[in-house]
Every structure is written in C-alpha cells, then in structure tokens.
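Heads up: the structure comes next, in structure tokens.
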Amino acid sequence: MKIFYNLKLRQFFYYFLIILFYFLIDQLILKSFIYNHEFKNEIENQEKISEILADQIDYFFETAMKEIKNFSLSPEVRSLNKDIVDKKILEFNKLTQFFDYFFVLDETGKWFSYPTREDFVGTSIPEGNMDLIEYTVNTDEIYFSDVVKPLIDELITGLAVRIHGNKNGKKMILRGVYIITQKNKIYELIKNFKFHENGYAYLVSKKGILISHSKIIPISKNIEDHNYSEYEPVKQALSGRTGYVNYLYDGRKYTATYQKLKYAEWVLVLQQPYDDILQRVNININFFRITNIVLLLLILIITTISLNYPLSAFSNLLKILKNKKIVEKKYFKPKDQVQEIIYSINHIFKELFNSRDELDKIMQKYRDLIESTSDWIWEVDKNGVYTYSSPNVYYILGYKPEEVVGKTPFDFMDDSESDKVKKQYLKYLNNKKPFYNFINTNKHKKGHKVILESNGVPFFDKNKEILGYRGIDRDITERDNYQRAIEKSLAEKEILLAEIHHRIKNNLQVISSIIQLQTYYIEDKYTLGILNDTITRIRTISFIHQKLYKTDDFVNIDLKDFFETIIISLYSTYNIDTKKIKYKININDLNLDIMKIMPCSLIINEIVTNSFKYAFPDDRDGNIIIDLSYEDDKYKLIVSDNGVGMDKDIDFGKITSLGFRLIYELAKQLNAEVKIINDNGIKVIVIF
C-alpha cells in the first residue's frame, strides 16, 4: 500500500468513500425520513388552517348568538304587540350583520310576525320544521336548526331563541334565518378562505346536509342534492372524531381534515387532492437533496483547495531551501509530503529569527489572521476619523474598507444616535480611557439598522499624547433581537401566570360558597366545625392566589404583607378581637420561591387557627408571633403563642387531628423539619 504515502491519492480515496457513504444514507434513510416528515408537516399545516377557519366560523356564530339574544330581549319584541314587533323586525333586518331576515312564531308553530311575508302570518310552518318549536319553547338555550325547505322556494338554516313576553306569559320564538342557496355571510367566510391552488372547504349540518361550499354557488335548491352524510370525512366527524382521512371522491384521491364546530355541532371539512401534497413533498425532498449535493461538492472543492495549496506551497519552499543549502546535511529521509512539510517548517522558523524579511512575513500572517476574524477591527485618530478598517466591515455594514477610511463612525449613524455617541466618545477621549461593551446603532449601506458592540483602547505617542483608538466592533443585532423576544415572551408568561392564579382564586371562591351553602343544612356541630375549618382553608388558598394574581413581581413578593393578609382574614373568620389577641410578624428582607409560599402560608393558617380556637379560652388576652429568618442556608419559620398550651404528656408525633396532619404533610412539600415546643404556649418551628 505504498500508494497511500502519496497524500493526494489518499485524499481522493477518502473523498470517494464520503460520496459513497452519502448516497447510501440518502437512499436508505434520508429519503424515507424526509418524506414522512414533510408529509406530516403538510397534514399538520392543513389541520392548523382548518382550526383557524373553524375558529372564525365559531366566532361568527358566537357573535350571531349574542345578536339574536339581544334582539329577543329588546322591549319592542317582548311587548308581543304585532305592529310594534313588525316594525322592530324590519329594523332588525336592516341592522343585522349575520342573518338574512327575522320572523316570530308562536308556541303552536304559527307565524306571529313576518313583515316581509304578511301572507304567512297566522299560518303554520311545515310539520317537518316543528322541532325548533319543541326545543325552543321550553328552554332559554339558542337552537341551531338543520337545513330545511320551508314554504318559500329556498333552503334555509339559522338560529332560534325564546322570547320572554310581557303579556300573560305568552311564549314566542324569534327566528334568525340564513338562506344557504344565496351568497350569505357563512358562504363569504368559506369562499374567501384561501387554501392552496386546488384545496377547498365545505360546511355540513349535524345531519350531513350541505350548508356552504367554497366552490359551489349558488347551492341547489333541491335538498336531496345536499346529503353529504356518506362522505368519509363527514361520517368520521359526525361520529365524534377529529383528524384527517385519505379517501376517493369522483375517482380522485383526496386528503381531508375534519372537525365539529363548537356551537352549531356542524362539520367543517377542508380537503385537497392527495397528488398536490405529494407534488409539494417531492419538491421539498428534491430541493433538500440538491442542496445537500451542492453543499457536499462545495465542501469537497474547498477542502481540496485548502489542502493542496499549502501542500504545494510548502513543497516548493522546501525545494528552494534545499537549493540554497539551508537544510543540514544530516536529516531523516521524508516518507511523504506531510513529513516534508514538518521538516521544511522546522528550517523556515529557524531562518525567520535571523532574517528581517522572514519576520515581515510572520507579521503579514498575523495581519491576515486579524483581518479574517468575523469581527470588525478598526483604528481612528483622535478626531474620530478611520485610518484603518478590516475587510469584515463589508459583511457588517455593507461598505468596503476604502469607503470607510477617511470617514468617522458618526457618518454611519442617524442624527440622534450620532449626537449621543459623539458626546460619549469625547468623554472617553478627554479622559484617555478605554471603553468596553459600548452599544451603538449604525445604518447599513442598504438602509437597515445594525447594532454594534464596540470595544476600544487608546494609543499614544512617545510623549503620552493620545493619537486615537484601536478597537473591535461586533454585530449583536441578532442577539439584541433575541433578547427583546425573550423579554416579550417573559412578560407574556407572567401575564399568563397571573391569569392562572386569578382563575384558581375564582374557582376556590365558588367551592367555598358551595360548602358555605351546605353548612346551612348541617345541624351536627362536629360536622359543621369540620366544614367551617374546610371553608377557612379554602379561603386561605384563595387569598394566596388572589395576592399572587395581583402581584407585579413573582420573585420579589412582600412576604410580610402576604402573611398579614392571611392573619387578618382569620381574625375576621373567627370574629377575634384584635385588642384581646394581638399578632406580630417579624420578617427581614427575604424572598421565597413562589412554590414555597403556598405551603408556608397554609402552615401559618393551620397554626394560627388552632391558636384562635384553643390557646385563649375564657376570653383571655394573648399574643401570636410569626418569625421568618434565613440562617445557614436554610429558612426558619417560627409560629408561637403564649396561650394555655397543651397537655405536658402529649406526644405530638402521634396526634391524629387534621390540623396537625396538614402541618406535617405541608412540611413534606418543603422537605422541612418540624419541631413543636409546649412551654408557656405552643411554638412550632419549621426548618427548610
């Protein structure tokens, strides 16, 4: 294998192995993986688009429900005076943003008010449409009707709601109508929704009747033409499923996503030809493969150039050195080019120390190294005029070095930034001080802003007079944008956390109110006491979440105010006279993790509750003290009273009361040690 002593042959052999390995990976793994990944992305994208359209339609119905409900509650409609109702409905028909028209039915299904068709007044709606009467007349819920064909030659659907009349308890129904055989508001929502070139959406009722279609207008007036209940995506959605399905329709394979709407229980289907998805997936795969091949070729070319050039250069240099007889007579015989390079470098560096020309070459190499860095290296005189600029300024500001030299940094800033930076620069110049991490905003040659982080040190003449600054600028635009995005995301999460605490607080208040109502029916004092203690605990948790909801800073929470709120609440709950039993809270400037505040607060709640209930019998005076300190990397919470205390022989580890059990369980959440001292009252120490 002597051919492998030749570095070029070895190099091309390795290239061959790399290319072979790449094509094997591409065929065996990447193609299948990327295909599945891209197809999954297409389906997820279609499902997201379907969810967006469903949200728009749900919002449409939510607003329509509010509109018909408000109309039904108007004094004119509730008067059930036909003339007044007729006039109001004509007004509704002009004002409505969602319905085509309105009419009013009585509880028997006869038209009471139909100002656009007076000939129908007093007559009954078709028997097949009576379900809306049966549903609506005995409930306040809004009724979504299926597609029906009334006496007029149109197909309609819509909403119905009961009217609470002011006369004799009459029951009437206000009906808002969509004519689906015309271009109504629902059709506009479906039609204007863009989804690829051949994709489309359609909406069917809960019985599978077509309501709107983005590619069919006007819809046929024959209701038999609208039965989509046997279409596979509709069948899946009507059975309660949500997802996607591939199925044949008119001899062509389609991919459809389906889901039920929130309010109407109608089905929204979004579909596109399966071939269209495959075409886009194949385009992405081919683009990925071509890109990889191009990158691979570029890497190989660059690698070849980067290896061959220095090898050739050093090899030629070695020949020159040998001709000048610089190499010593006794040396090992090189076996390949790598050893020749090592040998030649040894002699080059030996001669560099004795030759000024060679030292200049080294300086040039260092200069090349400096100019190849990704940062911008510069030099300015004391007037701020650039005397040197590294080539990388082109990649940062879009200017060539020769376009920068002779100008000042302020020429690349807008007026306000220029004034600010100039004042700061003069300050450093006068003090002859270096500057670090100085942030300034510059204008790129193409007009956009570039944020730079500047570092500079002054240089002087032999008389210690400042000549200017040399420094480095780094482009931190992306870092700045990322930091702003993080700050925005953090603010959004704090809002979300506050909202969660608010909702928890509201739910706990509801639970507390329900238990409070239940106590009105409890006569057993023991059970009543347990329920009242439970209400107190729930209210305490609710107060905690209320305080967390109202706080602006979840890290620096005022613990004294926090615990004081709990104590004051307990005074109110147990009707304690603050002049008889006093409290004191001793807390230094401490911050507790939000996950520790909850168990600490509940422990305080349990201990103070026990003190109020048992420590001061016969209307005794007393004191309750709460101390929180931080010593030896641990928090110490002490809650004590000077009440009557407990039996001296009692074993606190064996007490089975709920209050003490809660204290120990809450302490476990803190990984805390609990000590109870029964001397001149009760003192509970929690160390965590």
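The values are calculated or read from the model by the stated rules, or taken from the named source; none is laboratory data. Fair warning: this is a prediction, and the values are worked out from it, not measured in the lab. Virtual Cβ from ideal backbone geometry, glycine too; neighbours counted across all protein chains shown. Side chains are part of the model used for accessible areas, which takes the heavy atoms of the whole protein and leaves out ligands, DNA and RNA. Shrake-Rupley method; radii C 1.70, N 1.55, O 1.52, S 1.80 Å.
Structure notes:
- Phe660 being at pLDDT below 85, buried (at least 16 other Cβ atoms within 10 Å of the Cβ) and on the phi < 0 side of the Ramachandran plot: yes
- Selection count where residues are of a type outside the set (A, V, I, L, M, F, W, C), open to solvent by 10 Å² or more (accessible area, probe 1.4 Å) and modelled with pLDDT of 80 or more, scope region 171-202: 6
- Val686 within 20 Å of Ile544 (Cα to Cα) and either part of a strand (DSSP E or B) or open to solvent by 30 Å² or more (accessible area, probe 1.4 Å) (or both): yes
- Test result for Phe61, in contact (Cβ under 8 Å) with a residue 60 or more places away in the chain, assigned to a helix (DSSP H, G or I), closer than 24 Å to Ser212 by Cβ and of a type outside the set (Ser, Thr, Tyr): yes
- Scan of region 62-80 for residues that are under 27 Å from Leu189 (Cβ atoms) and open to solvent by 20 Å² or more (accessible area, probe 1.4 Å), ordered by number: Glu62, Thr63, Met65, Lys66, Glu67, Lys69, Asn70, Phe71, Leu73
- Checking Gly456 against (1) touching a Lys or Arg at 6+ places or on another chain (Cβ under 6 Å); (2) open to solvent by less than 50 Å² (accessible area, probe 1.4 Å), the condition it does not meet: (1)
Every residue, every condition in (1) open to solvent by less than 20 Å² (accessible area, probe 1.4 Å); (2) over 21 Å from Phe688 (Cα atoms); (3) at pLDDT 85 or above, yes or no:
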residue: Asp558; (1), (2), (3): no, no, no
residue: Ile568; (1), (2), (3): no, yes, yes
residue: Lys580; (1), (2), (3): no, yes, yes
residue: Leu590; (1), (2), (3): no, no, no
residue: Ile597; (1), (2), (3): yes, no, no
residue: Asn605; (1), (2), (3): yes, no, yes
residue: Val608; (1), (2), (3): yes, no, yes
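- For Phe103: the one exception among (1) open to solvent by less than 20 Å² (accessible area, probe 1.4 Å); (2) assigned to a helix (DSSP H, G or I); (3) at pLDDT 90 or above; (4) aromatic (Phe, Trp, Tyr): (2)
- Selection from region 241-267 of residues that are open to solvent by 60 Å² or more (accessible area, probe 1.4 Å), in a loop (DSSP other than H, G, I, E, B) and in contact (Cβ under 8 Å) with a residue 12 or more places away in the chain: Arg241, Thr242, Lys262, Tyr263, Glu265
- Test: residue in region 625-642 that is modelled with pLDDT of 90 or more, under 13 Å from Gly681 (Cα atoms), small (Gly, Ala, Ser) and touching a helix residue (DSSP H, G or I) at 6+ places or on another chain (Cβ under 8 Å): no
- Residues of region 81-100 satisfying the condition of being closer than 24 Å to Val147 by Cβ and open to solvent by 30 Å² or more (accessible area, probe 1.4 Å): Asn93, Gln97, Asp100
- In this structure, Arg470 does not qualify as among the charged types (D, E, K, R) and at pLDDT below 90.
- Looking across region 111-128, just one residue is out of contact with any Asp or Glu (no Cβ under 6 Å at 6 or more places or on another chain) and within 15 Å of Val161 (Cα to Cα), and that is Trp111.
- Within region 126-136, the set of residues being touching a strand residue (DSSP E or B) at 6+ places or on another chain (Cβ under 6 Å) and surrounded by fewer than 18 Cβ atoms within 10 Å (Cβ to Cβ) comprises just one member, Tyr135.
- Within region 571-589, the residues that satisfy the criterion of being touching a strand residue (DSSP E or B) at 6+ places or on another chain (Cβ under 6 Å) and of a type outside the set (Phe, Trp, Tyr) are Ile581, Lys582, Lys584, Ile585, Asn586, Ile587.
- Cβ-Cβ distances below 7 Å connect the following pairs, each with a first residue in region 423-435 that is under 12 Å from Val457 (Cα atoms), a second residue that is surrounded by fewer than 16 Cβ atoms within 10 Å (Cβ to Cβ) and of a type in the set (D, E, K, R), and a separation of six or more residues or different chains: Leu429/Lys382.
- For region 384-404, the set of residues classified as part of a loop (DSSP other than H, G, I, E, B) and either at pLDDT below 90 or within 19 Å of Pro458 (Cβ to Cβ) (or both) consists of Gly384, Val385, Ser390, Pro391, Asn392, listed by residue number.
- Residue in region 81-93 that is among the polar types (S, T, N, Q), part of a loop (DSSP other than H, G, I, E, B) and within 17 Å of Ile179 (Cα to Cα) present: no
- For region 395-405, the count of residues that are touching a Leu at 6+ places or on another chain (Cβ under 8 Å) and of a type outside the set (Val, Ile, Thr) is zero.
- Residues that are open to solvent by 80 Å² or more (accessible area, probe 1.4 Å) and of a type in the set (Ser, Thr, Tyr) were ranked within region 506-544; the one that is nearest to Ser572 (Cα to Cα) is Tyr520.
A quick yes/no check of all residues on (1) closer than 26 Å to Ala237 by Cβ; (2) part of a strand (DSSP E or B):
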| position | (1), (2) |
| --- | --- |
| Ile133 | no, no |
| Asn138 | no, no |
| Arg162 | no, yes |
| Arg175 | no, yes |
| Ile186 | yes, no |
| Leu189 | yes, no |
| Glu197 | yes, no |
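- Selected residue (only one of Ile626, Ile655, Ile650, Ile663 is of a type in the set (Val, Ile, Thr) and free of Cβ contacts under 8 Å to residues at least 12 places away in the same chain): Ile655
- Within region 417-446, tally of residues that are within 19 Å of Trp376 (Cβ to Cβ) and outside any strand (DSSP E or B): 10
- Check on Thr291, among the hydroxyl-bearing types (Ser, Thr, Tyr), on the phi < 0 side of the Ramachandran plot, at pLDDT below 90 and not in a loop (DSSP other than H, G, I, E, B): yes
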